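So the structure is just underneath, and the comments pick up after that.
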Amino acid sequence: MREMMKKTVLLKVLAAAVLSSSYLAAHAGNIALGREVANQACVACHGADGVKVLDPSYPMLAGQYDDFLARALTDYKSGNRKNAIMTGIASTLSKEDIANLAAYYSSLPGPMTFIRR
């Protein structure tokens, strides 16, 4: 009985891993396209490198996790996260733009990048 439970748990873990990797592959952004969108929509406030921000209260985007960035942009777009400037910008972004921006900024070295790599 215990052996059967171990196998069931293992199968569930493997299934979750396969599904999540398939999801990530299907939703992985394009870094080059993300750079294009960033140059149009983000650099004025977040800087060309995602680190040198216009105002100290603005977040550094370089080196952030892509899923965090995608969630934040999606939440701004939907209104679940509130900021007048970001809501206006995010409302113009497609799902692909969001995935591409997340891929781009997460690919850049940020001040905390060395910790997670």
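Each value in this text was obtained by applying a stated rule to the coordinates, not by laboratory testing. Keep in mind that what you see is a predicted model, and the values were worked out from it rather than measured. Here the Cβ is made from the backbone with ideal geometry for all residues, glycine too, and neighbour counts use every protein chain on show.
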- [ ] Kindly list the number of the only condition in (1) closer than 24 Å to Pro111 by Cβ; (2) among the basic types (Lys, Arg); (3) surrounded by 13 or more Cβ atoms within 10 Å (Cβ to Cβ) that fails for Lys52.
- [x] (3)
Task: Members of segment 66-117 that are aromatic (Phe, Trp, Tyr) and loosely packed, with under 15 Cβ neighbours inside 10 Å - done: Phe68, Phe114
